[in-house]
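Here's the structure we're looking at; comments come further down.
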Amino acid sequence: MKHKIAILGFGTVGQGISEILLNKKEYLKNKYDFEYDIVAVADFVYGNVYNPYGLDIPLMLQEAKEKKKFSKDLTDWDNLELIRNCNADILCELTYTDLNTGGPAVDHVKAALESGKHVVTSNKGPAALFYPEMKKIADKNGVKFMIEGTVCAGTPVINLADGPLAGCEISKIRGILNGTTNYMLSEMEKGMDYNEVLKVAQELGYAEADPTGDVEGYDARGKVTILANIVMGASLKINDVSCKGITQITSEDIENAKKQNKRWKLIGSVEKKDGKVTGSVAPEMIDLSHPLAGVMGATNALTFTTDLLGDVTIVGPGAGKIETGFSILTDILDIHRNQ
Ligand SMILES: NC(=O)c1ccc[n+]([C@@H]2O[C@H](COP(=O)([O-])OP(=O)(O)OC[C@H]3O[C@@H](n4cnc5c(N)ncnc54)[C@H](OP(=O)(O)O)[C@@H]3O)[C@@H](O)[C@H]2O)c1
């Protein structure tokens, strides 16, 4: 079957997955018998376009690179009309994350699932706030709601727990879930104070102009909620997860940790005890011998504590155009290979 793909949000990740699909077209066909057309794209900046036989993706990527609006296959359909009426079987929801309400992404995901389309997303909003509801709608309509990219971008954590680790009971998941704060803590060890390092992180594009979501731990809290609910089968609300960021960490704290052969990390944690699942985000001093202590810069890492294997740690990128684009590809391939 030739898949028809729709993309909501043609920013970093939307362009990333489009480039991957374009560049790997032959490889995906030969290796997985996977064929596709991207038939619909909706984006605030570039416009809404639809062609049931396939859009001109090289042209659209070029137009996006030049910050020009799309020039071909324009449609008057708004996002929801496009989602419902287009002939796609897979919708990639790649608009902005809103961890308070879920934003328009919630309506996008619902509309797609209700019209019998699989949804693949790296958007934490619908996953952190409404996973059980979305999964129910997906099940009712015989389609999938796939969210690998919402935690650690393309580094496989959700699929790891669900796939290769299936059969292991996971009692704890702990790790570095926010690359920006890990970069900042790593740089503070080199001698810069919190405010200096935040400025550099913003200049490098790691931290946003309003860094609250990262430095206060809210981004990590969204991911902890997702892990608790999907991997541990809990039904935590985002506010059930206790949350403390790195804003209080001083240069003295960094030096004190060094003296004790330790290092500060912002740790997201999910734990199952006596059948009850709890989640937290907080800075912790980690012993230098622990696998998470060696994870520096904007990298993410998670340690799964399992009954059959003990601790299993996975380390990899937590952001990036191609890295997050890959998370979308891996979920699309999962849908293709399991149908
Ligand atoms: N980039 C990463 O490395 C990464 C990693 C993990 C997860 N994610 C998540 O993946 C999603 C996409 O990230 P991104 O980096 O690609 O974001 P981005 O570069 O900001 O792209 C999002 C695009 O979607 C457009 N958009 C926003 N709301 C829309 C709507 N309602 N309808 C149509 N278009 C809309 C935006 O337009 P405007 O600019 O006008 O708003 C923008 O062009 C986000 O939820 C993000 O949190 C990203």
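Over 31 Å between Cα atoms, which of K2/K223; K25/K136; K69/K124 qualify? It would help to have the intermediate numbers written out before the result.
Details: K2/K223 33 Å; K25/K136 33 Å; K69/K124 27 Å.
Checking Cα-Cα distances, K2/K223; K25/K136 exceed 31 Å.
For the chain, modelled as a Gaussian network with Cα springs under 10 Å, which listed residue fluctuates most, A153, A42, A234?
For the chain, modelled as a Gaussian network with Cα springs under 10 Å, the answer is A234.
Filter the DSSP H helices in the chain by two things, a Kyte-Doolittle mean of at least -1.0 and an axial alpha-carbon span of 20 angstrom or more, and list the hits by number. Mind showing how you got there, number by number?
Numbers: long enough: 124-140 (22 Å, -0.54); 321-337 (24 Å, 0.22).
Within the chain the helices that satisfy the rule are 124-140, 321-337.
Would you compute the Debye intensity of the range 1-65 from its alpha-carbon atoms alone, equal scatterers and no solvent, and pass along log10 I(q)/I(0) at q = 0.14, 0.22, 0.23, 0.28 Å⁻¹ to two decimals?
Relative scattering, expressed as log10 I(q)/I(0), comes to -0.38, -0.91, -0.98, -1.33.
Order of 93-105, 185-197 by packing, highest average Cβ count within 10 Å first? Please report the intermediate quantities before stating the final value.
Values: 93-105: 18.8, 185-197: 16.1.
Going from most to least packed, we get 93-105, 185-197.
Contact order normalised by length for the range 241-306, with contacts defined as Cα pairs under 8 Å and 6 or more residues apart; what percent is it?
Numbers: 78 pairs, mean separation 20.9, N = 66.
Answer for the range 241-306 is 32 percent.
Using mean Cβ contacts within 10 Å as the protection proxy, how do 331-337, 35-41 order, highest first? It would help to have the intermediate numbers written out before the result.
Values: 331-337: 18.1, 35-41: 22.1.
Packing order, densest peptide first, comes out as 35-41, 331-337.
For the chain, calculate the relative contact order in percent as a whole number, restricting contacts to Cα pairs under 8 Å that are 6 or more residues apart. Display every interim value, and only then the final one.
On the way: 709 pairs, mean separation 66.0, N = 339.
The normalised contact order for the chain reaches 19 percent.
Calculate, for L80 and D193, the FRET efficiency according to 1/(1 + (r/R0)^6) with r their C-beta to C-beta distance and R0 51 Å; round to the nearest 0.05.
Values: r = 47 Å, r/R0 = 0.93.
Rounded to the nearest 0.05, the efficiency is 0.60.
Compare the peptides 112-122, 203-213 by average per-residue count of other Cβ atoms within 10 angstrom and give them in order, highest first. Don't skip to the end; give the middle numbers.
Values: 112-122: 24.0, 203-213: 13.6.
Per-residue mean Cβ counts within 10 Å order the peptides as 112-122, 203-213.
So how long is each side of the range 134-194 along the principal axes, counting just the alpha-carbon atoms, biggest first, in Å?
54, 25, 17
Using only the Cα atoms of the range 3-138, each taken as one equal point scatterer with no solvent, compute I(q) by the Debye sum, divide by I(0), and report log10 of the ratio at q = 0.13, 0.17 Å⁻¹.
Debye output, listed in q order: -0.52, -0.89.
Quick check on the range 71-199: take the gyration tensor over C-alpha atoms, sort the square-rooted eigenvalues as a ≥ b ≥ c, and tell me if it's rounded (a/c under 1.5), prolate or oblate.
On the way: a/c = 2.72, a/b = 1.50, b/c = 1.82.
It comes out oblate by the Cα gyration axes.
Rounded, prolate or oblate, given the Cα gyration tensor of the range 242-304, with a/c below 1.5 counting as rounded?
Details: a/c = 2.01, a/b = 1.60, b/c = 1.26.
Prolate is the answer for the range 242-304, as a/c is 1.5 or above and a/b outweighs b/c.
Give the share of C-alpha pairs in each 5 angstrom bin for the range 223-339, from 0 to the last occupied bin, in whole percents, shortest bins first.
Calculated P(r), rounded to whole percents: 2, 9, 14, 18, 20, 18, 11, 5, 2, 1, 0, 0.
Multiply the residue gap between K65 and K29 by 0.36 nm, knock off their C-alpha separation, and tell me the result in nm, one decimal place.
10.3 nm
222 nm [θ] for the chain, helices only, -39500 (n - 2.57) per DSSP H run of 4+, per residue, to 500?
About -11500 deg cm²/dmol.
For the range 116-268, restrict the atom set to alpha-carbon positions and state the Rg and Dmax in Å.
17.6, 58
Can you tell me how the chain classifies by the Cα gyration tensor, rounded, prolate or oblate, using a/c under 1.5 as the rounded cut?
prolate
If you take the Cα Rg of the range 69-142 and divide it by 2.2 N^0.38 Å, with N the number of residues, what do you get?
Dividing the Cα radius of gyration by 2.2 N^0.38 Å gives 1.12.
We did not get these values from a lab; they are worked out from the coordinates using the rules stated. Everything numeric here is computed off the predicted structure, so don't read it as measured data. No Cβ is skipped: glycine too gets one built from the backbone with ideal geometry, and neighbour counts run over all protein chains shown.
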